[in-house]
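In what follows, a single structure is set out as structure tokens and then discussed.
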Amino acid sequence: MSTVFIISAPSGSGKSTLVSRLMEGVEGLTFSVSYTTRKPRGHEINGQAYHFIDRDDFERRVKANEFLEHAEVFGNYYGTHSDALTIAADAQKDLVLDIDVQGAAQLKERIPDAVNIFILAPSREILEMRLRARGQDSEDVIRRRLADAAGEIRNYRLYDYVLVNNDLNLAAETLKSIVRAERVRRVRVEEKLKPILASFEKHKDSTASGA
Ligand code: ADP
Ligand code: 5GP
């Protein structure tokens, strides 16, 4: 069974930056490419950043029950396709999802074992600076994202981990540590432990019979 890592953050907190550090730095992870009705930004490639589809197509897929979760964010639809889980499980990889707080709540209900991680900028002022420095959004969009951040942040208690992205290198290392620690904690590790435990058992038998 794959472990599902759900990562959420108010826009501009550094989630994309941290998720790419995580994907580069930890083996055995696969990233779920979401479906969205938003238009591609900058150099975003269809099928890599997102699967870009129109509203009719999205609504048709919702009716066909294709999504594990879906939500409307900043006036666009976003959804995680159910295939993401199967693909990760078949490849024996853990799944990383970059989704908003509504989607995270839906998924946690469906997959209680999922690990929820919330990323926060150190302050509203720093969040605003980062949104401006990124230089991808209009003034209107920046204002809307800052206003929405206040509401999103109130949901931090729903998350297993809250990671403050102050120093980028430290935050990236902490995120990797969360993934590694969760893997050690998981039941499926028992599969790896079986031969180790068996080797001790065998030794106990030979000691007992030799005594
Ligand atoms: P998100 O995916 O959460 O919207 P990004 O990863 O695009 O955010 O980051 C927003 C901006 O902040 C980017 O320009 C990024 O380079 C910058 N950034 C991310 N983390 C840090 C950090 N710890 N310190 C300073 N700048 C950062
Ligand atoms: P952006 O348009 O900036 O890429 O993403 C906007 C927001 O949508 C982010 O908070 C991102 O996490 C969220 N998002 C991206 N994909 C999904 C998804 O599949 N489901 C949900 N619920 N949110 C998503």
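The values are calculated or read from the model by the stated rules, or taken from the named source; none is laboratory data. The shown structure was predicted, so the numbers you read here are calculated from the model rather than taken from an experiment. When we count neighbours, we look across all protein chains shown, and the Cβ atoms used for this are built from the backbone with ideal geometry, even at glycine. All accessible areas refer to the heavy atoms of the entire protein, side chains included, with ligands and DNA or RNA removed. Shrake-Rupley method; radii C 1.70, N 1.55, O 1.52, S 1.80 Å.
Side notes on the structure shown:
- Condition met for ARG38 (out of contact with any strand residue (DSSP E or B) (no Cβ under 8 Å at 6 or more places or on another chain) and not acidic (Asp, Glu)): no
- Within the range 124-173, if we keep just the residues that are within 14 Å of ligand 2 (Cβ to nearest atom) and acidic (Asp, Glu), the residue that is surrounded by the most Cβ atoms within 10 Å (Cβ to Cβ) turns out to be GLU152.
- Scanning the range 89-125 for residues that are more than 12 Å from ligand 1 (Cβ to nearest atom), among the charged types (D, E, K, R) and in a loop (DSSP other than H, G, I, E, B) gives LYS93, ASP113.
- Hits in the range 1-39 - residues which are part of a loop (DSSP other than H, G, I, E, B), farther than 21 Å from LEU146 by Cα and away from ligand 1 (no atom under 14 Å from the Cβ): MET1, SER2, THR3, VAL26, GLU27, GLY28, SER32, VAL33, THR37
- Selection within the range 96-116 - in contact with a strand residue (DSSP E or B) (Cβ under 8 Å, 6 or more places away or on another chain) and under 11 Å from VAL4 (Cβ atoms): VAL96, LEU97, ILE99, ALA104, LEU107, LYS108, ARG110, ILE111, ASP113, ALA114, VAL115, ASN116
- Single residue of the range 80-95 satisfying the filter (surrounded by fewer than 22 Cβ atoms within 10 Å (Cβ to Cβ) and within 15 Å of ligand 2 (Cβ to nearest atom)) that is nearest to SER2 (Cα to Cα): LEU85
- Qualifying positions in the range 9-58 - open to solvent by 30 Å² or more (accessible area, probe 1.4 Å), of a type in the set (Lys, Arg) and either without any contact (Cβ under 8 Å) to a residue 60 or more places away in the chain or more than 12 Å from ligand 2 (Cβ to nearest atom) (or both): ARG21, LYS39, ARG55
- Those residues of the range 96-116 which are away from ligand 2 (no atom under 12 Å from the Cβ) and open to solvent by less than 10 Å² (accessible area, probe 1.4 Å), in sequence order: ALA114, VAL115, ASN116
- Some residue of the range 86-107 being in contact (Cβ under 8 Å) with a residue 60 or more places away in the chain and among the hydroxyl-bearing types (Ser, Thr, Tyr): no
- All positions within the range 126-141 that are in contact (Cβ under 8 Å) with a residue 60 or more places away in the chain and assigned to a helix (DSSP H, G or I): LEU127, GLU128, ARG130, LEU131, ARG134, VAL141
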